[in-house]
Amino acid sequence: MNSRLLFTNNARRIMGFFSKLFGGRKNDGGAGNEPGLPLEELSRRLKTPLIVLQTTPAEYRELRLAKKSGGTRLLHAPLDPLKHIQRQILRCLLGKLAAHPAAMGFEAGQSIATNAAPHVGTAVIVKMDMKDFFTQTTAARVRSYFVKIGWSGAAADLLTKLTTHKGGLPQGAPTSPRLSNLVNYQLDARLFALALKFSTVYTRYADDMTFSFRSDDREQIALAIRCTKTIVGDYGYSLHQKKKLQIRRQHDRMLVTGLVVNTHLNLPRATRRRLRAVEHHLQAGRPATLSAAQLHGWRALEKMLADHRR
């Protein structure tokens, strides 16, 4: 059997395994009359009159922020009345719900360091990025999640109205990061199982997925990428196939959420040099590119990394 046919058969067998184990994406729709906790209970838990929840306009303002890589990122920031309710939803409803352990971004006790640490010292790092992650986390999936955790159709409709914008999660709303993890529990579970199947490690930080491999098996790596593309597609996402698909080996600089993981966790050398220069400038009373408070934050991160190395 030639290698191309073997590759195809392996891919079909593994995807069949995941199809049987997890199934595909469930129907995201709803009739609007599902049983569950009523609107009155939603009002009680949010400590907000129902009439306020129902009449607060779902209004946002657009903001554009410069990206380090160039260009701008469009944010939709909720106006203050809506932002207040979203913070209540985050605090009173979403805060104690469980995301998958592989989800490292926006979770209490997790950080860029805990996201990078499991990948230290591996042979190959594969990083994949989902396009338009927040906006492609659809309102239909958010509504389906609220029904799944026990809210009635009417309450789920109202919660969805208060937390989504233009059919997806608005990047800029306080509820969006946590909801993106909660809604994608099954996605993370399937990718985690994929990693176990290949004896690899998987973590996700927002839209950034990382797999680390113990050995440099190129066929296995290619198959894992193909399977990942299929799995994220089941939930309405697509991958940046060229620009942000990265495969790094030990002879490369291996970065995960901005941290070097070749042999141990560390900041990139250029960043460490810059911090020493900033510290020297501040001590000499000269202008610096960071304030003393910002430098303190970087030093706290360095201490965190040192603690991980122990």
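The values are calculated or read from the model by the stated rules, or taken from the named source; none is laboratory data. Owing to the predicted nature of the structure, the values given are computational and were not obtained by experimental measurement. We place every Cβ from the backbone using ideal geometry, glycine too, and count neighbours over all the protein chains shown. Surface accessibility is based on the protein's heavy atoms, side chains included, excluding ligands, DNA and RNA. Shrake-Rupley method; radii C 1.70, N 1.55, O 1.52, S 1.80 Å.
For the range 208-310, the relative contact order works out to 16 percent when only alpha carbon pairs closer than 8 Å and six or more residues apart are counted. Residues considered: SER43, SER291, SER212. Largest GNM mean-square fluctuation over the chain, using C-alpha springs under 10 Å, is found at SER291. Over the chain, dividing the summed -39,500 (n - 2.57) contributions of all DSSP H runs of at least 4 residues by the number of residues returns a 222 nm mean residue ellipticity of -14000 deg cm²/dmol. Taking the protein heavy atoms of the range 221-310 in the context of the full set of protein chains, the accessible area attributed to carbon and sulfur is 53 percent at 1.4 Å. If you sort CYS227, CYS92 by accessible surface, 1.4 Å probe, largest first, the order is CYS92, CYS227.
How much length would be gained if the chain were fully extended between GLN250 and ARG299, taking 0.36 nm per residue of separation minus their Cα-Cα distance, in nm to one decimal?
14.9 nm
Here the chain is treated with +1 on each Lys and Arg Cβ and -1 on each Asp and Glu Cβ, and its dipole about the Cα centre works out to around 940 debye. When Cα extents along the principal axes in Å is computed from the coordinates, the matching label among (i) 90, 53, 34; (ii) 71, 59, 36; (iii) 55, 43, 40 is (ii). Of the options THR271, TRP298, VAL201, report the single residue whose Cα projects farthest towards the positive end of the charge dipole of the chain (beta-carbon charges: Lys, Arg +1; Asp, Glu -1). The listed residue farthest towards the positive side: THR271. Give the residues of the range 154-176 whose amide nitrogen is closer than 20 Å to a point set 7 Å from the Cα of LYS243 in the direction of its Cβ. Counting only backbone N, you get 171-172. Local charge for PRO118 was computed over the other residues whose Cβ lies under 13 Å away, with Lys and Arg +1 and Asp and Glu -1, and equals +2.
With protein chains left intact and a 1.4 Å probe, residues in the range 34-150 average 52 Å² of accessible area per residue. Among the protein heavy atoms of the range 113-199, carbon and sulfur supply 55% of the accessible surface, probe 1.4 Å, non-protein parts ignored. Each other residue within a Cβ distance under 13 Å of LEU46 adds +1 if Lys or Arg and -1 if Asp or Glu, for a net charge of +3.
When you restrict to C-alpha pairs under 8 Å that are six or more residues apart and normalise by the size of the chain, the relative contact order lands at 23 percent. Taking every protein chain into account, the 1.4 Å probe leaves VAL260 with about 30 Å² of accessible area, to the nearest ten. Across ASP217, ASP129, ASP234, mean-square fluctuation computed from a Gaussian network of the chain (C-alpha pairs under 10 Å connected) peaks at ASP217. What number, in percent, do you get for the relative contact order of the range 130-229 if the mean sequence gap of Cα pairs under 8 Å and at least 6 apart is divided by its residue count? Relative contact order comes out at 24 percent. The length gained by stretching the chain between THR289 and LEU50 to full extension, at 0.36 nm per residue less their Cα-Cα distance, is 81.2 nm.
With a cut-off of 9 Å between beta carbons, the residues surrounding ALA102 carry a summed charge of 0, where Lys and Arg count +1 and Asp and Glu -1.
Please give the FRET efficiency for LEU75 paired with THR263, using the beta carbon to beta carbon distance and R0 = 35 Å, rounded to the nearest 0.05. After rounding, the FRET efficiency stands at 0.40. Rolling a 1.4 Å sphere over the protein heavy atoms, what is the accessible area per residue of the range 162-292, to the nearest Å²? It amounts to 47 Å² per residue over the range 162-292.
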